[in-house]
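The values are calculated or read from the model by the stated rules, or taken from the named source; none is laboratory data. Every value quoted in this text rests on a predicted model; they were computed, and no experiment measured them. Because the Cβ atoms are built from the backbone with ideal geometry, glycine has one as well, and the counts that use them run over all protein chains shown. Side chains included, ligands, DNA and RNA excluded: accessible areas come from the protein's heavy atoms. Shrake-Rupley method; radii C 1.70, N 1.55, O 1.52, S 1.80 Å.
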Amino acid sequence: MERSDRKIGFLSAVPITVILMLSFTAPLLVVLLFSVMPPKVFTLAHVPDFSSYGVLFSQGYYRSLLWSLGTALAATVLLFLICWPLAFAMAKVFKGFTLFITVAVVITLFVSENIRLFGWVLTLMKGGLIEGHLRAWVGWSFEGALYNVPVIIFGLVYVYFPFMLFPLVQGISMVPDDARQAAADLGATRRQIFWEVDLPLSAPGIVIGSLLTFVLGAGALAESKLLGGQAVIVIADEIETAFTYGQNWPLGSALSIILIIIIGSLAVFGVSRVDLDKIMGRRR
Amino acid sequence: MPPEPILRLENIVKRFGAFTALHHIDLEIDEGEFLTIVGPSGCGKTTLIRLLVGIDEPTEGRIWLRDKRIEKVPANLRPTCMVFQSLALFPHRSVGENIEFPLKIRGETASRRKERALELLDLLHLPHDFYDKRINQCSGGERQRIALARALAFDPEILFFDEPLSALDFRLRKKLEKELKDLHERTGKTFVYITHSLEEAMVMSDRIAIMRQGRFEQIAVTDEIYARPISRFVAEFMGEVNLFDVEGTASGGLRGRGVEIQANATGGGTELTLPQGTQGALMVRPESVRFLHPGQTADFIVRGILRASYALGSRTQYKVESSEGIELAVEKLRQDRFMGNVGDEVVLGFDMQNTHMIRER
């Protein structure tokens, strides 16, 4: 019985394994191989050298990398601060209203990210919704809020809001009310309950939410292009340029690999620290 | 000098919307006593303890801790503490950290905290190597003790218990009940315990308060609750009981259905009186009823047929159906068990000193 179960399990895993090998692992392997090719070649039939990796520092690509990681980090921290109170209310205070908020947030995902960001461009640009109205009504004119680093971070916060909110709600709802009441009963103030009970017990949700927003934010392109107007060049932008205008596939591949290593190790570290089974509601 | 009340409830009312959970409750808890509040589920005992602990506020009324009013003081500012039904241990902390939690909150040093935690492990008969264990490595009984140690670390003026033993198996529960009673004697603290289990209440308490539908039905020392219940509800709640409907007669005696009453057992000079024409219930516990052999007599006699017998270990219980169709329970110690067969005609008797009159209100 157990052997046939195992066989069925193996057979049912075959299709998805094949698809993943072909669609996920194979391209990654190609990228990995291209990254060690000499610059500006279009086949893999060359003697490997690691010159493309050296370019990261010599030509200042590391700055793009830092901008990407920095904006993603800022967005993640801001999102945590913004989402925590709302997530707490959704998990512990609101009842039917939680469903309303959930639906409202999810509905925004039905519209493509680029279109939503264009909406913000039209809102924030000079002559846009805000500046245009202010100029028309009170005669106050300014340069619009676009094309700077804060607006890029704002874009990241806006786009990745659900990716922080829902894991946090899930994490906070895992904190037993009894544990909070017991802590209060044993003399803990609200602040102490937050640090000693809420935060550690909802850590899985916090880690998942932070990883999602950071990983997605670090690879994000549209916010810096549309809202930031390339006030800074993020790493995803550099990679795209290397593959397209730059016609330098090895460079693009090398930058991709560096980004993948940084984000991948972060994700592996984070996930290894939390009990994923618990947040999925599964018992071991 | 009687002990001063440490906690006093005055006219406590708690409403949830249109539902009134507690109706004008008064209660005095004495310093150092072990008081158990017993009642069926839904009687309001959990609501009451949440008010006492400070998790909820009463809708009306006052709670005094000695001479301070505390009904609006939040839980974290009250010098009292509760062992939760779920125990509410912190799963992400070690046993030691759990016990030290209230000390850490108070800002005591790590060495002082550990010293106290080890003392408490000793007090609760847990080995010192538990200090570094994780909560999920501990059994149910060990968790009980850890929760108790954590509450004692807080050094509360009153320790509340919200049915913490209800999830344990029978043997462990019996063991911990006795340990809890011993702990009460050793610490000298005031314990207030709530439960729906009469047996738990009987084993541990100095006094028992019986709750029913948001009110106290009777508050008295354990023995009095058992022997002199104030109502049928209390009598029936406190274990097996036989009740006979009786009525006061013009001569000052009693007339009962299903029971023969000897003339000298009731009326003037005895406790078993009822004003003429009023109803009451004559109560006798199963262990006070005996089987009469021919020629023996008793103050009260019931004739019937033995319908069943149940071995309860140290005791045997018999079910007897009286000639009027009333079912009676009789209990004997195993070595005194009745040598009769199911279906036999039997005569039961009991005496006035073992009976109690419940007057209808």
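Below is a table of values for the structure above.
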quantity	calculated
Subset tally (residues that are open to solvent by 10 Å² or more (accessible area, probe 1.4 Å) and without any contact (Cβ under 8 Å) to a residue 60 or more places away in the chain) for region B:152-166	1
Hits in region B:221-234 (condition: in a helix (DSSP H, G or I) and not acidic (Asp, Glu))	B:Thr222, B:Ile225, B:Tyr226, B:Ala227, B:Arg232, B:Phe233, B:Val234
Residue count, region A:223-235 (criterion: open to solvent by 20 Å² or more (accessible area, probe 1.4 Å) and part of a helix (DSSP H, G or I))	2
Residue list for region B:48-81, restricted to those being within 14 Å of another protein chain (Cβ to nearest Cβ) and polar (S, T, N, Q)	B:Asn76, B:Thr80
Count of residues meeting criterion [open to solvent by less than 10 Å² (accessible area, probe 1.4 Å) and farther than 21 Å from B:Pro5 by Cβ] in region B:45-74	0
Condition met for B:Val221 (crowded, with 18+ Cβ neighbours inside 10 Å and out of contact with any helix residue (DSSP H, G or I) (no Cβ under 6 Å at 6 or more places or on another chain))	no
Boolean, B:Ala88 is at positive phi and facing chain A (nearest Cβ under 10 Å)	yes
Filter result for the condition that a residue is touching a strand residue (DSSP E or B) at 6+ places or on another chain (Cβ under 9 Å), basic (Lys, Arg) and more than 13 Å from chain A (Cβ to nearest Cβ), over B:Lys175, B:Lys133	B:Lys133
In region B:197-220, the residues that are among the hydrophobic types (A, V, I, L, M, F, W, C) and either more than 11 Å from the chain's Cα centre (by Cα) or assigned to a loop (DSSP other than H, G, I, E, B) (or both)	B:Phe216
Residues located in region B:257-278, provided they are in a strand (DSSP E or B) and either at pLDDT 80 or above or on the phi > 0 side of the Ramachandran plot (or both)	B:Glu260, B:Ile261
Subset tally (residues that are in contact (Cβ under 8 Å) with a residue 40 or more places away in the chain and among the small types (Gly, Ala, Ser)) for region B:227-255	4
A:Ala72 modelled with pLDDT of 90 or more, more than 16 Å from A:Gly171 (Cα to Cα), of a type outside the set (D, E, K, R) and buried (at least 19 other Cβ atoms within 10 Å of the Cβ)	yes
Any hit, region B:98-111, residues being touching a residue at least 40 places away in the same chain (Cβ under 8 Å), farther than 19 Å from B:Lys189 by Cβ and either open to solvent by 50 Å² or more (accessible area, probe 1.4 Å) or more than 14 Å from every other protein chain (Cβ to nearest Cβ) (or both)	no
Residues of region B:206-226 satisfying the condition of being in contact (Cβ under 8 Å) with a residue 12 or more places away in the chain and charged (D, E, K, R)	B:Asp206, B:Arg207, B:Arg212, B:Arg215, B:Glu217
Hey, B:Gly304 small (Gly, Ala, Ser) and not in a strand (DSSP E or B) or not	no
Any hit, region B:279-289, residues being part of a strand (DSSP E or B) and without any contact (Cβ under 8 Å) to a residue 40 or more places away in the chain	no
Within region A:103-132, tally of residues that are within 23 Å of the chain's Cα centre (by Cα) and buried (at least 16 other Cβ atoms within 10 Å of the Cβ)	5
Residue that is farthest from A:Leu221 (Cα to Cα) [pool: residues in region A:236-247 that are open to solvent by 20 Å² or more (accessible area, probe 1.4 Å) and not β-branched (Val, Ile, Thr)]	A:Gln247
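Every residue, every condition in (1) of a type outside the set (A, V, I, L, M); (2) over 23 Å from B:Pro229 (Cβ atoms), yes or no:
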site: B:Ala281; (1), (2): no, no
site: B:Phe291; (1), (2): yes, yes
site: B:Gln296; (1), (2): yes, yes
site: B:Glu327; (1), (2): yes, no
site: B:Val346; (1), (2): no, yes
site: B:Asn354; (1), (2): yes, no
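For (1) part of a helix (DSSP H, G or I); (2) within 30 Å of A:Gly205 (Cβ to Cβ), each residue gets a yes or a no:
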{"residue": "A:Ile16", "(1), (2)": "yes, yes"}
{"residue": "A:Phe24", "(1), (2)": "yes, yes"}
{"residue": "A:Val30", "(1), (2)": "yes, no"}
{"residue": "A:Pro38", "(1), (2)": "no, no"}
{"residue": "A:Pro48", "(1), (2)": "no, no"}
{"residue": "A:Ser52", "(1), (2)": "yes, no"}
{"residue": "A:Val55", "(1), (2)": "yes, no"}
{"residue": "A:Ala74", "(1), (2)": "yes, yes"}
{"residue": "A:Cys83", "(1), (2)": "yes, yes"}
